[in-house]
Amino acid sequence: MNNVINFPEQEPDSCDCDGPLKMVGYDDCIMGTVDRFGFDHEVYLYDVSKVISKLVSEDGMDEDEANEYFEFNMKGSWVGPGTPVYFYPKEDA
């Protein structure tokens with residue numbers, strides 16, 4: 001079973017996945033896994049600030065472009081029950 005999907009470039013139907021899905025190239029942004037009620041498996045939790053930093057440093061986007069790309073293409077992609085979830089640090093903590 002392949003539980004790595006290159007979304008948004010890869011169509012979810014092309015993935016024979018039944019577990020948590022990882023975004024290609026973002027392993028260093030994984031904080032851990034989380035359980036969701038009603039699902040049979042955990043999903044990966046990604047640190048949004050690290051994902052945005054990676055889009056800026058490796059893909060040449062400015063911060064606004066990286067945020068827009070993340071919101072629409074990553075966070076906004078549903079690729080099945082293994083779709084990752086995203087952590088936003090609380091600034092007042």
Hey, can you tell me all the residues within the range 51-78 that are open to solvent by 70 Å² or more (accessible area, probe 1.4 Å) and closer than 22 Å to residue 19 by Cβ? 75, 78
Are there any pairs with C-beta distances below 7 angstrom linking a residue in the range 24-42 that is free of Cβ contacts under 8 Å to residues at least 60 places away in the same chain and surrounded by 12 or more Cβ atoms within 10 Å (Cβ to Cβ) to a residue that is outside any helix (DSSP H, G or I) and hydroxyl-bearing (Ser, Thr, Tyr), with the two at least 6 apart or on different chains, and if so which? 26/46; 29/46; 30/44; 30/46; 31/46; 33/44; 42/33
Residue 81 passes all but one of the listed conditions (1) without any contact (Cβ under 8 Å) to a residue 24 or more places away in the chain; (2) out of contact with any helix residue (DSSP H, G or I) (no Cβ under 9 Å at 6 or more places or on another chain); (3) open to solvent by 40 Å² or more (accessible area, probe 1.4 Å); the exception is number (1)
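The values are calculated or read from the model by the stated rules, or taken from the named source; none is laboratory data. Remember, predicted model here, so these are calculated numbers, not experimental data. We place every Cβ from the backbone using ideal geometry, glycine too, and count neighbours over all the protein chains shown. Calculation scope for accessible area: heavy atoms of the full protein, side chains included, ligands and nucleic acids excluded. Shrake-Rupley method; radii C 1.70, N 1.55, O 1.52, S 1.80 Å.
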